[in-house]
Ligand code: HEM
């Protein structure tokens, strides 16, 4: 007992010593250790990373180093200098941090899987021919789920539901049916997944209490079980994405247990963003009548061009450009996609900023970009950045606007919802098509409105900054019914 206490005290002493001895060296970014030894700014960071980093930016400028739970993280918020981090694969590494998270969140270790091989495999499925196959399958599932969810109520009957639940549930189940093997447990997987997803940020930060930890563990095990049901029962669909993924993992020497665990990672990666993105997009449309009118007019124009109703919506969306809907999607993602691009410094590095300044980064530290704050919410790049402006990404001649400036210089990175570099979203094209299909389907199949015309979108859940698409704290109640006839815009 005494020895344990002595060892604990020595450990604590070493930590405090290490913490307090770090000082800012010549050419290093401003250092902010926070007031709590070792923990540093961890609590503030975990509670609301956007608010915390905005405060640090105000205090230190576009680059600074903060202490977060024993790690020193250099945060770079100048989009003109992002390439110095994104393109560096020699001094910076993203795999170690990612592997630690995979172990903590999914109990998953894949040491034999080569990241480059995995990316190539992903690209094969989410681009070219693979992409059109997945997109048309997704569209069929979305349409049939939308109609079957309404089978028991007549066309003129209004239903009331939270918009977030409506979007997440439909997109998740359709996505699951498109990619995974079991076809009869989509609703059960969705229900269990939401439990797991609600605790995910706490699992990642190791901040679960005992009860939450029990829930997260049992939910994870239940999901592993559900995801392997199709395979075990022999009812799996041949040629499915999941089957191909199993083959890929087998080739990479991954054992059966880790294969099952990897499925949960892929379920999360492929399903956790599209539903929330569709929610925010429709939420903005429903609370901004001028935006809704512009999108309805564009969709109506597409339909009127297809006088004999010969084409499924996917084809219509692929065959015609939809700059207004594209702008609404870009604006939605600018306001609600909040990835954190993180790298580990594996060798001491000199970071060259676009303004000519140079900073020394220490081996063992982390570097982090948080594009949500800049460029996405930077008032010098996007005027009134807190406001939703449906035409922000439209030129006057209704073409896509892709030129944005800071300090009179054109920007390469003016919004970064998909991440960047080695781990940029492999499913970007599929995700864009999916969200557009979904909005198209909802607007052509449903009359939908907020329950109260004065209703506003709920605020974001601040604990989700850094984990891809933000989620709302609460929901937006909507009422909807099937259109009679369909396609009446
Ligand atoms: C609006 C929807 C989506 C957004 C905003 C989004 C965003 C992202 C981001 C930011 C990353 C990088 C994460 C990181 O840095 O660790 C990522 C990775 C990934 N996303 Fe998406 N995503 C979306 C939808 C999808 C969909 C629908 C799929 C596929 C069905 C998909 C497949 C992937 C894959 C496979 C990766 C991992 C890439 C890698 O590590 O090599 N995403 N996504």
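Dividing the convex hull volume of the Cα atoms of the range 63-122 by its residue count, what figure in Å³ per residue is obtained?
Given the Cα convex hull of the range 63-122, per-residue volume reads 136 Å³.
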Testing the spin-label approximation: label points 7 Å from Cα along Cα→Cβ at residue 428 and residue 483. State their distance in nm. 3.1
Computed over the Cα atoms, what is the radius of gyration of the range 40-93 divided by 2.2 N^0.38 Å, N being its residue count? 1.21
At a 10 Å Cβ-Cβ cut-off, how would you order 71, 301, 382, fewest neighbours first? 301, 71, 382
The helix 115-126 Cα axis meets the longest alpha-carbon principal axis of the chain at an angle in degrees, between 0 and 90 and rounded to 10, of 10
If R0 = 25 Å, then residue 244 and residue 318, at their Cβ-Cβ distance, give a FRET efficiency to the nearest 0.05 of 0.60
Below 8 Å between Cα atoms, with a sequence gap of 6+, how large is the relative contact order for the range 59-102 in percent? 24
With just the Cα atoms defining each centre, how far is the range 411-481 from the range 166-193? Give it in Å. 18
Between 0 and 90 degrees, rounded to the nearest ten: what's the tilt of helix 95-106 against the longest Cα principal axis of the chain? 60
Per residue, how much space in cubic angstrom lies within the convex hull of the C-alpha atoms of the range 279-377? 162
As a test, work out the antiparallel percent of DSSP beta bridges whose residues both lie in the chain, rounded to the nearest 5. 80
What full-extension length gain, to one decimal in nm, is calculated for residue 355 and residue 305 as 0.36 nm per residue of separation minus the Cα-Cα distance? 13.0 nm
Between the range 338-366 and the range 46-61, what is the separation of their alpha carbon centroids in Å? 18
For the chain, take the longest principal axis of its alpha carbons; what is the angle in degrees between that and the long axis of helix 163-179, to the nearest 10 within 0 to 90? 90
Sorted from largest to smallest, which semi-axis lengths in Å does the alpha carbon gyration tensor of the range 167-279 give for its equivalent ellipsoid, taking the root of 5 times each eigenvalue? 23, 18, 13
Could you work out the Kirkwood radius for the range 330-465, taking every pair of different alpha carbons, averaging 1/r and inverting it, reported in Å? 18.0
May I have the pair-distance distribution P(r) for the chain, computed from all Cα-Cα distances with 10 Å bins from 0 and rounded to whole percent? 4, 18, 28, 26, 17, 6, 2, 0, 0
Grab the Cα-Cα distance for residue 402 and residue 31, subtract it from 0.36 nm times how many residues apart they are, and report the gain in nm with one decimal. 130.0 nm
Length-normalised contact order for the chain - Cα pairs under 8 Å, 6+ apart - percent: 23
Taking 10 °C and 1.306 mPa s as the conditions, I'd like the Stokes-Einstein D for the range 28-170 in µm²/s, using the Kirkwood hydrodynamic radius from alpha carbon pairs. 78
The range 378-489: relative contact order as a whole-number percent, Cα under 8 Å and 6+ apart: 20
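Rounded to the nearest 0.05, what FRET efficiency do residue 207 and residue 156 give with R0 = 35 Å and r taken as the Cβ-Cβ distance? Could you check?
Calculated transfer efficiency: 0.15.
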Residue 455 versus residue 386, label points 7 Å from Cα toward the beta carbon: distance in nm? 2.3
Determine the distance separating the Cα centre of the range 264-283 from the Cα centre of the range 80-106; give it in Å without decimals. 22
Can you compute the FRET efficiency between residue 191 and residue 148 using 1/(1 + (r/R0)^6), with r the Cβ-Cβ distance and R0 = 25 Å? Round to the nearest 0.05. 0.90
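Computed from the coordinates by the stated procedures, all read-outs in this text should not be read as laboratory data. Every value quoted in this text rests on a predicted model; they were computed, and no experiment measured them. All Cβ positions, even for glycine, are placed from backbone atoms using ideal geometry, and neighbour counts span all protein chains on display.
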